[in-house]
1. Tell me whether region 147-160 contains one or more residues that are under 24 Å from residue 69 (Cβ atoms) and at pLDDT below 95.
2. Out of all the residues in region 94-107, which are within 13 Å of residue 27 (Cα to Cα) and in a strand (DSSP E or B)?
3. If I ask for residues that are exposed (fewer than 14 other Cβ atoms within 10 Å of the Cβ) and either more than 16 Å from residue 135 (Cβ to Cβ) or touching a residue at least 24 places away in the same chain (Cβ under 8 Å) (or both), which ones from region 20-32 would you list?
4. Which of the residues spanning region 33-55 are within 15 Å of residue 134 (Cα to Cα) and aliphatic (A, V, I, L, M)?
5. Residues of region 57-85 being farther than 16 Å from residue 101 by Cα, of a type in the set (S, T, N, Q) and touching a strand residue (DSSP E or B) at 6+ places or on another chain (Cβ under 8 Å), which ones?
6. Out of 110, 118, 91, which single residue is surrounded by fewer than 21 Cβ atoms within 10 Å (Cβ to Cβ) and either part of a strand (DSSP E or B) or touching a residue at least 40 places away in the same chain (Cβ under 8 Å) (or both)?
7. Of these, 20, 76, which one is on the phi < 0 side of the Ramachandran plot, of a type in the set (Ser, Thr, Tyr) and out of contact with any Asp or Glu (no Cβ under 9 Å at 6 or more places or on another chain)?
8. When residue 61 is evaluated against the numbered criteria (1) within 19 Å of residue 137 (Cα to Cα); (2) buried (at least 20 other Cβ atoms within 10 Å of the Cβ), which criterion, by number, is the only one it fails?
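The values are calculated or read from the model by the stated rules, or taken from the named source; none is laboratory data. No experiment lies behind these values; they were computed from the predicted model shown. So basically every Cβ, Gly included, is an ideal-geometry build from the backbone, and we count neighbours across all protein chains shown.
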Amino acid sequence: MITTKDTLPIQSAKNIDIIYSDSAIVKAKITAAQLDRYVNKIKGAYSDLPKGVKIVFYDKQMNIQSQLTAKHATRYDKTKVMEVNNNVVVINKKGEQLNTEHLLWDGEKIRSNEFVKITTADEIIYGQGLEANQNFTQYKIFNIKGTITLNKGEKKDVKNP
């Protein structure tokens with residue numbers, strides 16, 4: 001195999017913490033075991049986190065609002081979008097949990113076109129795709145299929161028409 005500049009990282013770091021802020025307000029902390037930086041003619045500059053990622057999202061008072069973990073992530077410099085995949089889990093401050101295999105985070109919202117499962121205190125919802133704020137307190141599930149508990153002990157199956 002021939003190695004070129006496009007296939008080798010230009011920088012590599014281990015056990016990293018990155019603080020993401022906007023107007024001097026911390027929005028998130030990204031932690032990863034390894035970060036490799038690449039410059040590629042096709043993809044442009046990007047960072048690869050091949051050994052997993054943990055992102056903690058904060059409110060203005062630095063209270064934890066949600067947490068995202070995944071086994072792999074890539075952040076593209078040009079679009080400023082982070083693509084996370086492989087066992088993606090998002091948990092918000094209410095304990096609601098999102099499970100999926102692929103998710104995009106643009107610094108404000110999280111999105112997925114993949115199968116999603118959301119578990120709350122009283123329901124489990126399945127769907128194909130999701131859009132949510134990064135704190136995972138407001139979300140929209142597409143093509144819902146699942147069982148929703150309406151009243152204590154009463155369940156109803158729901159499917160999109």
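1. Among the residues of region 147-160, not one is under 24 Å from residue 69 (Cβ atoms) and at pLDDT below 95, which makes the answer no.
2. 105
3. 22, 23, 24, 25
4. Residue satisfying the conditions is 55 alone.
5. 65, 66
6. One residue alone meets the criteria, 91.
7. Exactly one of 20, 76 is on the phi < 0 side of the Ramachandran plot, of a type in the set (Ser, Thr, Tyr) and out of contact with any Asp or Glu (no Cβ under 9 Å at 6 or more places or on another chain), namely 20.
8. (2)
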